[in-house]
Amino acid sequence: MFRRIAILIAVAILAAGAYLAYSFFRTPEEASAPIEALPVAVDQSAAESSAPAVNSTPTAMPAGEARQENDPAGAGPIIFEIVQEESEARFLIDEVLRGSDNTVVGSTDQVAGQIAVYPEAPSRSQVGVIQVNARTLATDNNFRNRALKNRILRTNEFEFITFTPTEIRNLPDVVAIGEPISFEIVGDLTVTDVTRPVVFEVTLTPVSRTRLEGMARATVKHADFNLAIPDSPQVDTVADDVILELSFVAVPAG
């Protein structure tokens, strides 16, 4: 009887070990398709109440042909779209690896989103849903990549990380070309099946009337999103905080 129980326990342990190994080492699914921006939901009340800014400083937002393409009447916003080839979404998390401090960086250019810019009233501008394809995130280590996708983010089931803005704070009434501005974007960040409110600090520079460059940054705790970091014999500790960054370039859509 004892021998039979011991055999059953051994079989169970082997099965659990095999499943754990499979969950780590299996090949994660590739991106289902190139990422595309979701159309920004323009607030019509903002468009209707938009009024020229009383300032002689040139605004940084497109005018002329670029404006007419988006809105022939010139009353609505210009729709900017993130340029993937010049943008990058990334996370940074500190760890102690074999007794030495290390920062793990995961990044991807598969990020998409739109910005509705009001040339005559920049403070009314809006940001659409920002999407990141989690299946394309990569670090400098293939084993870590598989653990990240298979065990932490479960990307076979949850392909996208999304940020849905709900409020923009401290946007100025007037913006000048070449001068950076700072503001905050409040919204809901969804990672796997967990959604939490997050505030991104943003620095944006209107390089020209048809090009925006910026950096958005937030710090979150991975435990708040129920993200369990797998134990590794080589990793002594992993920080609680995760830094999220988006460096982006945006140009008029179309």
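Would you say R124 is crowded, with 20+ Cβ neighbours inside 10 Å, modelled with pLDDT of 50 or more and on the phi < 0 side of the Ramachandran plot? Let's see the steps before the verdict.
On the way: crowded, with 20+ Cβ neighbours inside 10 Å: yes; modelled with pLDDT of 50 or more: yes; on the phi < 0 side of the Ramachandran plot: yes.
Judged against the criteria, R124 is a match.
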### Query
Which of the following residues is of a type in the set (D, E), in contact (Cβ under 8 Å) with a residue 40 or more places away in the chain and over 19 Å from V111 (Cβ atoms): D224, D236, D193, D240?
D236
### Query
Yes or no: T192 among the polar types (S, T, N, Q) and surrounded by 15 or more Cβ atoms within 10 Å (Cβ to Cβ)?
yes
### Summary
Of those in the stretch 134-159 that are without any contact (Cβ under 8 Å) to a residue 60 or more places away in the chain and over 20 Å from T103 (Cβ atoms), the residue surrounded by the most Cβ atoms within 10 Å (Cβ to Cβ) is R154
### Summary
Scanning the stretch 219-249 residue by residue, the ones that are assigned to a helix (DSSP H, G or I) and under 16 Å from the mean Cα position of the chain (by Cα) total 2
### Query
Out of A218, A223, which single residue is over 29 Å from P39 (Cβ atoms) and of a type in the set (G, A, S)?
A223
### Message
If I ask for residues that are within 22 Å of S87 (Cβ to Cβ) and assigned to a helix (DSSP H, G or I), which ones from the stretch 137-177 would you list?
### Response
N145, L148, K149
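Considering V191, V242, V249, which residue is β-branched (V, I, T) and in contact with a His (Cβ under 7 Å, 6 or more places away or on another chain)?
Details: V191 fails: in contact with a His (Cβ under 7 Å, 6 or more places away or on another chain); V249 fails: in contact with a His (Cβ under 7 Å, 6 or more places away or on another chain).
On inspection, the qualifying residue turns out to be V242.
The values are calculated or read from the model by the stated rules, or taken from the named source; none is laboratory data. Computed from a predicted model, the values in this text were never measured in an experiment. Cβ: placed from backbone, ideal geometry, glycine included. Neighbour counts: every protein chain shown.
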